[in-house]
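Peer 1: Pasting in a structure now, in structure tokens, and then I'll have a few things to ask.
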Amino acid sequence: MGGRLMYIYETLLAHYGELHWWPARTPYEVMVGAVLTQNTAWGNVGKAIANFGENLSPEKVSDADFAELTEMIRPAGFFNRKARCLKAVTAWYAEYGCDVSNVQKEPFAKLRAELLSVKGVGRETADSILLYAFGFPTFVVDAYTLRLCGRYPIEAGESYEAVKSYFEGNLVRNEKICNSFHALIVTNAKEHCRKKPVCGDCPLAETCGRPTKC
Ligand code: SF4
């Protein structure tokens, strides 16, 4: 494993303990959450998902008329765009019989390309779905990851694909590490590596080189 990256992972793991995402009851709920969380806080996603009660299913979303669906997901914002995207992602899932094991039999690259061709699904959403709903070992790069890479002395690059390749090339690529490392980065970003960093007690402060500039 890559020395620096492994050091970050092990240091955050020792500090925060095992973390495992995603907060959802079913793989389909992960897919819905991954679409709804675009450009909004998670609390709003939770409100939108709660509007489905116990009825959040591919059938419910594909059968709902557009106005009904937009009303249900309204708390998550951008509800017209997200409703169209939800319908399209659900149609993609239906091609596999809405069966997790059918999706998991397919090559990762094919699935990722298919998801990226769905209007409204970007890289972060596609990778979130493939990792958290289907267990593929793909590293999700989000704003928190980019922030860490911009501050900590690693040469991860700046674009989504560059950072993703860097992480995947320097870690043992398995679902558990992709999942927990991302969760650890997000947790540390909320605790310390905020927009205005709180470096004092950050577990990475000793090696970051950033604290003196804060
Ligand atoms: S030391 Fe500061 S800049 Fe570096 S990772 Fe921690 S909070 Fe972020």
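Peer 1: Quickly run through region 196-214 and pick out the residues that are touching a residue at least 24 places away in the same chain (Cβ under 8 Å) and more than 8 Å from the ligand (Cβ to nearest atom).
Peer 2: Result: Thr207, single match.
Peer 1: Testing Ala14 on (1) of a type in the set (Gly, Ala, Ser); (2) without any contact (Cβ under 8 Å) to a residue 60 or more places away in the chain; (3) more than 30 Å from Lys87 (Cβ to Cβ), one condition comes back false. Which one is that?
Peer 2: (2) is the only condition that Ala14 fails.
Peer 1: Hey, another quick one. Can you tell me which residues in region 119-138 are assigned to a helix (DSSP H, G or I), of a type in the set (A, V, I, L, M) and touching a residue at least 24 places away in the same chain (Cβ under 8 Å)?
Peer 2: Ile129, Leu131, Ala133
Peer 1: Working only within region 139-161, note down all residues that are open to solvent by 40 Å² or more (accessible area, probe 1.4 Å), not in a loop (DSSP other than H, G, I, E, B) and not hydroxyl-bearing (Ser, Thr, Tyr).
Peer 2: Those that are open to solvent by 40 Å² or more (accessible area, probe 1.4 Å), not in a loop (DSSP other than H, G, I, E, B) and not hydroxyl-bearing (Ser, Thr, Tyr): Ala143, Leu146, Arg147, Gly150, Arg151, Glu161.
Peer 1: Can you tell me how many residues in region 162-195 are within 14 Å of Leu13 (Cβ to Cβ), surrounded by 18 or more Cβ atoms within 10 Å (Cβ to Cβ) and more than 13 Å from the ligand (Cβ to nearest atom)?
Peer 2: Total meeting the criteria: 8.
Peer 1: Helices (runs of 4 or more DSSP H) wholly in region 1-116 with at least 3 residues that are open to solvent by less than 40 Å² (accessible area, probe 1.4 Å) - which ones?
Peer 2: 3-16, 27-36, 42-50, 66-73, 79-94, 108-116
The values are calculated or read from the model by the stated rules, or taken from the named source; none is laboratory data. Note that the structure is predicted; figures quoted are calculated from it, not measured. Heads up, the Cβs are rebuilt from the backbone with ideal geometry, glycines too, and the neighbour counts pull from every protein chain shown. Calculation scope for accessible area: heavy atoms of the full protein, side chains included, ligands and nucleic acids excluded. Shrake-Rupley method; radii C 1.70, N 1.55, O 1.52, S 1.80 Å.
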